Structures are given as structure tokens and as C-alpha cells.
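The values are calculated or read from the model by the stated rules, or taken from the named source; none is laboratory data. All values reported here derive from a predicted model rather than from experimental measurement. No Cβ is skipped: glycine too gets one built from the backbone with ideal geometry, and neighbour counts run over all protein chains shown. What goes into the accessible areas is simple: the full protein's heavy atoms, side chains included, and nothing from ligands, DNA or RNA. Shrake-Rupley method; radii C 1.70, N 1.55, O 1.52, S 1.80 Å.
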Amino acid sequence: MARRPRRRRPANPMLDAMIELEGLTKRLGGRTVVEDVSFRCEPGTVTGFLGPNGAGKTTTLRMLTGLSRPDAGHAAVLGRPYAELPNPGRRVGVLLDAAAQHGGRRGREALAISAQTMGVDPARVDPLLTLVGLDRSAARKRVRQYSLGMRQRLGIAQALVGDPQVLILDEPANGLDPEGIRWMRELLRDFADRGGTVLLSSHLLAEVELLVDHLVIIAGGRVRAAGTREELLAGGGTVVRATDEVALVAALGDAGLDARRTPDGEFVVDAEPEEIGRAALDGGVVLTRLGESQGAGLEQLFFELTRGDAPAPAAAPRPTDDLAEAIR
Amino acid sequence: MTDATLPLRLLPRAGADVDARPGLARLTAVELRKTVDTRAGFWLLTAIGLITVTAMVLMAILAEPEDQTLRGMLEVATLPTAVLMPIVGILLVTSEWGQRTALITFALVPGRTRVFAAKIAAASVVSIAAAWVCLGAAAIATAAAAPGVAGTWDLPAAMIGQLLIYTVTGTLIGVAFGAVLLASAPAIVALFAVPIAWGVIAAVAGIEDIARWADSDTGLSPLLEGTMSGVEWARAGTTLLVWMLLPLAVGLWRIRRAEIR
């Protein structure tokens, strides 16, 4: 029997969860947009909250930050509901939508208002603007004139004004160019390496793949997979290649193994290499490659897990059936 | 190297000041700042000032001497404030929703009632300042015109109090309408259209005697016209109940339960 990858990392009692979501559920207009979402984020880590548009990421983050009331479940930041933090900006940096800025306000002023609200020395504003790459002329402009990338930089600066321990960022890479994404990656990596906790969402895996330690993949309002990046990668199965594809599929079929063909002529099998090797031996098939799946990567996983409600393996073996048919 | 050059300094640090809830005075100062730091807010307040000054200059040059008394001047000086300050009140609330800065405001201050209280306080401070500017402008215009008629400088102290009440409540009616509708354009339209509709309906239904107790024009304008009688105070009170307190309560209820998007 194929071994199932472990989906959930056991909580380490030595580490306090900085962010904890438990059974969060939200219904809007008779539709359940977020259903029973649970996960936790620990200090020193970056958690990627991944899912296609409309998966429920934004709604989840708004419930987490007290802007939307859950219909069931609860969420805590630093051990208590966000809304009960006395001065949340000093503990938790939040960027929920970079476009949500007053267009008629200057960039610098937007930061200054946040600093004043949370009682932060206004002298922090200028170095922060420099840190996020908004020069003096950009800081003087009205936000209406900003590109989305500039608004993201302003939003990240705003999240950092209160010198927080936790960052909650909704689609922070949206609108950033590749150089900007690399910059953000380094900034957030550095933040986590100093002991900070980062939770960021994205609908594009490529934006965050190199940054995150943990992944929570959401689709249709439900968590489809969660774990460390490595664990989720290891769930890809075994890759096998043979000189004769038809014979390989037949041999695997005889051994009761499902295989799915990758675009470059290899097969991914949800089984240990030894099982596959024996099946190939029994079928007299010459293997040219046999090993842990790496190439499929998160992209494949992400694609499979978020491709609607159909479980990935059900749709995948179809080519195998066709090939097996052709043999008979 | 100062703190400010290290924007990513993380714990450990003292918790006391970090975890102090922002006080109402600070939140009010922030809301005051928000009324002037956007292009729309700045020009709206500037326009009120410029129109007032222009009106005073014209009054000093062109008006009949008997209208150039302090009271006469003040009656004209308060017009721009009376018409436009409610819009300042509306924008104080609705710009958070139209421009979606509510996402930032309520993430920094989850206590939405506190934010609303700060907005009411800020609206009151701006209005009191506007009332004193009107009074100052009227006084300067009166001095410049020097009409030389009897009672040029007569102004009962009660009138100053009534002027303050008029401007503050006018702006708060704007805050209330903004909070009920949470959108600038509908709130501004409602602010001007609903009182007119009220009068029309009252006339058609033949209930003017009752409607007068909640007519925002006849109920509140006596505040600017002279020392008020008991009945006039009662009427102003019932009018404010209907046009200010009730919508403020409904608006607060809406803001508290709204999903912030």
C-alpha cells in the first residue's frame, strides 16, 4: 500500500504559536467561503497561505485581524483575539490590501498617520520609506499617482511602522516586479531570521516558493494541505522512466499501481521505488530512471490540490487506462 | 545610530508603552489630521475660509450700514460654514469607506466605537474653530466697515453659545449621515434632499404642526437668529434628536457590525 505523506506537522510545545486559527468558518450570502480553517504559525518562520483567487484567503485574514466576524471557530494572535490587543500595530504588522489607501493623501503622510495612531516616534517614518525603496520624491506624491508596486512598498512600510513581531500580509507580492519580489523575499526572510513571524498569502506559487518555510494550501474555502515545504515536496511520489512506456504501464498495472504521465515522458507513481522496481522486473521492463519525485515540485502539488473539488489522483490515471486499453 | 535607523529591531523590549491603548485625545488628533491632510479635505476647508472672507469683504464694501453691524456680518459669515461643514463631517466618516482606509484604521484600532467617538470629537473641534473664525471675520469686517449705526457691536453672549451649538451639531449631523450611509455621494445628497422631502411630505399630509418639531431648518435656524425662547429650545432639541442623535446611533450600530473590506 502506498504510504501517505504526513500532512500536518505536530505542534512543538516548546514554541508558542504566534498565530493560531482554529476551525474558522465564514458564510457570506448563504455560501460558505471559509470552512473549518485551522493552522498555526511559529516564531522565526514564514508561512505561505496559498490558493487560487476566491479560495477564501482574504476572508480568513480579515477574520484573523478582527475586521470580519467568523461564524464559527476562533483565531488568536500572540495568544489572544486580535481585537483584544491593546495597541495591535505595535505587535502585529498588517497589510490587507495595498490598494486601500486614500488617493489624495501623500505617501509619507499615510505612514505618519499610522505612526501617530499607535504612538510611534514620527522619526521612524523616513528611514522606513528608504527601507522600502520609496525615495523622497515618491514619498511626497499623492498615493493616487502610485503604481500598485509602489503601493505594496508603502503598505509593507506601514506594516513595519510599529516595529511588530508578527506580520500578516495579504498578497504582498501582487504588482511587484521580479526585482521587487526578490527585495521583499530578502526583507521578510531577514525579519523571520530575527525571530519574527510572517504569514503571507499569494495566489502565485512562484512568488513565494523560495521564501516560505511552511505552506497552507487553501481551495474552495478549505485547507487542502499544510506542512513544511519539504514535507509537501516529498509527497510527490516516485518518478520512473523506461525504454518502453507501454510495457511499463502494463507492468505497473499488473502490480496494481496507478501511474500518471508527466509531459516529458516520465511517470509519477504513488509508491516506494522498491515496489516499482519489482513490478518492472516482473514485467521485464528496462528502467532508465527510478527515484523520488523532485521535479514535479510544489507547482504540481499546488495545481493538483487547487484544481477544483475533484481529488487529484482520480483524474490523473486516465492516460494509464488508455494505454492499458491499447495494449489489450 | 538611533532607533529610527533600525526599523526592524525586534524583541526583547519593554511592554508597557508598547501595549498602551491609544487614548481618545491621540485618536482625536489623528482624526483632525485626516480632515486636512487629503486634497479633498484641504480644499473643502480652504473653500469655506475663502468664501467667508470674500463674503465679508463684499459686505464691508457694498452692504447697507444697518446690515454692517456685528450681528448682520455674523449672519452672513456663518452661511458657508452652515452649508459646507456638514460635508466635512460626512467625509470624515465616508472617506474611510470610499477610499477603504477603514482597513488600516480598524486594524490599528479594533475598537470601532472609540474611532467613532474620536471622529465625533474631531468634528466638534473643527466646528468650534470654524465658529470662532466666522466670529473673527465678522468682527474684522465690522471694524473695517465702521457703519456708525447704533448697536454696531451688540452681540448677546448667549448668541455666541448658540453659534457654537449650531456649527457643532450641523457637522455632527453630517457625521451621522455619513455613518448611516457609509458612502460620500449618497450621504451628501441625503443631507440636502431628506429635509426638503420632510417638509414636502409634512405639507402634503397636513401635519406641519407636528413636523415643525423635527424640521431641520425651522428647528435649528433660530440658534443663529437671536436669543432663543423655551419653545425654540425644545424644538431644537427634538429636531436634533431626529436628525443627529438617532442617525448617530444607527450609524454607530452599522459601523460596529460592518464587514470591513
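Within region A:19-28, does at least one residue satisfy the condition of being open to solvent by 20 Å² or more (accessible area, probe 1.4 Å) and either facing another protein chain (nearest Cβ under 7 Å) or polar (S, T, N, Q) (or both)?
No: zero hits.
Within region B:47-73, can you find the residues that are open to solvent by less than 40 Å² (accessible area, probe 1.4 Å) and closer than 26 Å to B:Leu91 by Cβ?
B:Ala47, B:Ile48, B:Gly49, B:Thr52, B:Ala55, B:Met56
Which residues, taken from region B:144-193, are more than 16 Å from B:Ile255 (Cα to Cα) and open to solvent by 60 Å² or more (accessible area, probe 1.4 Å)?
Answer for region B:144-193, where residues must be more than 16 Å from B:Ile255 (Cα to Cα) and open to solvent by 60 Å² or more (accessible area, probe 1.4 Å): B:Ala144, B:Ala146, B:Gly148, B:Ala150, B:Trp153, B:Asp154, B:Ala157, B:Ile165, B:Ala185, B:Pro186, B:Val189, B:Phe192.
Scan region B:86-114 for residues that are under 17 Å from B:Val189 (Cβ atoms) and more than 8 Å from chain A (Cβ to nearest Cβ) and report the count.
Residues flagged as under 17 Å from B:Val189 (Cβ atoms) and more than 8 Å from chain A (Cβ to nearest Cβ) within region B:86-114 amount to 10.
Within region B:229-261, count every residue that is surrounded by fewer than 19 Cβ atoms within 10 Å (Cβ to Cβ) and either hydrophobic (A, V, I, L, M, F, W, C) or within 30 Å of A:Thr65 (Cβ to Cβ) (or both).
Residues in region B:229-261 being surrounded by fewer than 19 Cβ atoms within 10 Å (Cβ to Cβ) and either hydrophobic (A, V, I, L, M, F, W, C) or within 30 Å of A:Thr65 (Cβ to Cβ) (or both): 17 in total.
Is there any pair with a first residue in region A:19-42 that is within 17 Å of A:Tyr82 (Cβ to Cβ) and a second that is basic (Lys, Arg) and surrounded by 15 or more Cβ atoms within 10 Å (Cβ to Cβ) whose Cβ atoms are under 8 Å apart and which are 6 or more apart or on different chains, and what are they?
A:Ile19/A:Arg40; A:Glu20/A:Arg40; A:Leu21/A:Arg40; A:Val34/A:Lys26; A:Val37/A:Arg222
Which helices (runs of 4 or more DSSP H) does region A:75-172 wholly contain that include 1 or more residues that are at the interface with another protein chain (Cβ under 8 Å from one of its Cβ atoms) and open to solvent by less than 40 Å² (accessible area, probe 1.4 Å)?
Here the list reads A:107-118, A:125-131, A:148-160.
Pairs only if they're at least six apart or on different chains, beta carbon under 7 angstrom, first in region B:241-261 and away from chain A (no Cβ under 12 Å), second open to solvent by less than 50 Å² (accessible area, probe 1.4 Å) and in a loop (DSSP other than H, G, I, E, B); list them, first residue then second.
What qualifies is B:Arg254/B:Leu182.
Answer yes or no as to whether B:Gly174 is touching a residue at least 60 places away in the same chain (Cβ under 8 Å) and under 21 Å from the mean Cα position of the chain (by Cα).
Yes.
Only one residue in B:Arg33, B:Arg13 is within 12 Å of another protein chain (Cβ to nearest Cβ), open to solvent by 40 Å² or more (accessible area, probe 1.4 Å) and at pLDDT 95 or above. Which one?
Matching residue, one of B:Arg33, B:Arg13: B:Arg33.
Search region A:199-218 for residues that are open to solvent by less than 10 Å² (accessible area, probe 1.4 Å) and pair each with any residue that is in a strand (DSSP E or B) and among the charged types (D, E, K, R) when their beta-carbon atoms are under 7 Å apart and the residues are at least 6 apart or on different chains.
Sorted first by the residue in region A:199-218, then by its partner, the pairs are A:Ile217/A:Arg224; A:Ile218/A:Arg224.
Of the residues that make up region A:66-73, is at least one open to solvent by less than 20 Å² (accessible area, probe 1.4 Å) and more than 8 Å from every other protein chain (Cβ to nearest Cβ)?
Within region A:66-73 (the criterion being open to solvent by less than 20 Å² (accessible area, probe 1.4 Å) and more than 8 Å from every other protein chain (Cβ to nearest Cβ)), the answer is no, since none of the residues qualifies.
Go through A:Asp244, A:Asp270, A:Asp282 for me and flag whichever is open to solvent by 30 Å² or more (accessible area, probe 1.4 Å), of a type outside the set (Gly, Ala, Ser) and closer than 22 Å to A:Phe302 by Cα.
A:Asp270
Given the conditions (1) closer than 30 Å to A:Leu64 by Cα; (2) among the aliphatic types (A, V, I, L, M); (3) open to solvent by 50 Å² or more (accessible area, probe 1.4 Å); (4) free of Cβ contacts under 8 Å to residues at least 40 places away in the same chain, report the number of the one that B:Ala20 does not fulfil.
With respect to (1) closer than 30 Å to A:Leu64 by Cα; (2) among the aliphatic types (A, V, I, L, M); (3) open to solvent by 50 Å² or more (accessible area, probe 1.4 Å); (4) free of Cβ contacts under 8 Å to residues at least 40 places away in the same chain, B:Ala20 is out only on (3).
Test of understanding: among B:Ala138, B:Ala123, B:Ala118, which residue is part of a helix (DSSP H, G or I), open to solvent by less than 40 Å² (accessible area, probe 1.4 Å) and under 30 Å from A:Val77 (Cα atoms)?
The conditions single out B:Ala118.
Hey, can you tell me all the residues within region A:173-182 that are assigned to a helix (DSSP H, G or I) and within 15 Å of A:Arg151 (Cα to Cα)?
A:Gly180, A:Ile181
Between A:Val33, A:Val46, A:Val37, which is among the β-branched types (Val, Ile, Thr) and open to solvent by 10 Å² or more (accessible area, probe 1.4 Å)?
Criteria check complete, one pass: A:Val33.
Quickly run through region B:161-186 and pick out the residues that are more than 24 Å from B:Thr113 (Cβ to Cβ) and not β-branched (Val, Ile, Thr).
Within region B:161-186, B:Gly161, B:Gln162, B:Leu163, B:Leu164, B:Tyr166, B:Ala185 qualify.
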